[in-house]
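Laboratory data are not the source of any read-out in this text; all were calculated from the coordinates shown. Values in this document were obtained by computation on a predicted structure and should not be read as measured data. Positions of Cβ are backbone-derived with ideal geometry, glycine not excepted, and every protein chain shown enters the neighbour counts.
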Amino acid sequence: MAMTSYAKRLTAQLYYKKGCHFVAAAILLDQNDGDLYVVLQLLCQGLEIMAKALLLLKNFDKYQPLVEKYRHRLYPLVSDALAEFKLNRLRPHTSAELENLSKMYSGHVFRYNRLACVLIDPKSISFKLTLRRTGAVIRLADREMRRAFAE
C-alpha cells in the first residue's frame with residue numbers, strides 16, 4: 001500500500017523524536033555519571049536515527065531505499081544530511097571527533113567489545129563537540145519539523 005505524503009512526514013517525525021530520546025538519555029546519563037560506553041552508544045544511536053529521519057523528511061521516496069545502506073556509518077550519513085540541507089560542513093575538530101565515533105560505533109565497540117572496555121578508557125573518547133553540534137541540529141530540525149507539518 002502506498003503511503004500518503006502526510007504518512008511519510010509523520011513517519012519521519014516519529015523516527016526523529018525517537019532519535020531525540022536516545023540523545024536525551026545520553027545527556028541524562030552523562031550528567032549523572034552513567035557508564036560512558038552507554039552514553040556514547042546512545043548518543044551515536046540517536047544521531048544516526050535523527051539524521052536518517054531528517055533525510056526522510058526532506059525526500060522520503062529518495063532516501064527510504066538508502067536508509068539501510070548507510071547502516072551504522074555515522075560520518076557519511078551526517079555528511080550527506082548536512083549537504084542535503086545545505087548546512088556548513090563540520091569544523092575540523094568536530095569532523096575528526098565524529099569520524100572516530102563513527103568508526104567505533106559502526107564496529108559496535110560501545111556495545112559488544114569487551115576487550116575495548118578493558119583497554120580503552122571511555123574518558124579518552126571525545127564526544128562533547130559532536131554532542132554540542134547535535135544540540136544545534138535539534139534546534140534547527142525542530143523548526144523544520146514544525147514547518148513540514150504546517151504545510
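Listed values, structure above:
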{"read-out": "Relative exposure of Thr130, Thr94, judged by other C-beta atoms within 10 Å (fewest first)", "value": "Thr94, Thr130"}
{"read-out": "Mean ellipticity per residue at 222 nm, deg cm²/dmol - from DSSP H runs of n ≥ 4 across the chain, formula -39500 (n - 2.57)", "value": "-25500 deg cm²/dmol"}
{"read-out": "Hits among lysines - C-alpha to C-alpha of Lys58 under 29 Å, sequence gap 8 or more where chains match", "value": "Lys8, Lys17, Lys18, Lys69, Lys86, Lys103, Lys128"}
{"read-out": "For segment 26-77: relative contact order, % (alpha-carbon pairs under 8 angstrom, 6 or more apart)", "value": "29 percent"}
{"read-out": "Proximal charge balance of Tyr105 [Cβ under 13 Å; K/R count +1, D/E count -1]", "value": "+1"}
{"read-out": "Cβ-based exposure ranking for Cys117, Cys20, in which fewest neighbours within 10 Å come first", "value": "Cys117, Cys20"}
{"read-out": "Peptide ranges 1-9, 28-36 listed from the most packed, as the mean C-beta count within 10 angstrom indicates", "value": "28-36, 1-9"}
{"read-out": "Sequence of His72, His93 once ranked by neighbouring C-beta atoms within 10 Å, starting from the fewest", "value": "His93, His72"}
{"read-out": "Eligible aspartates and glutamates near Lys52 by straight Cα distance, threshold 13 Å, same-chain separation 8 or greater", "value": "Asp61, Glu68, Asp80, Glu84"}
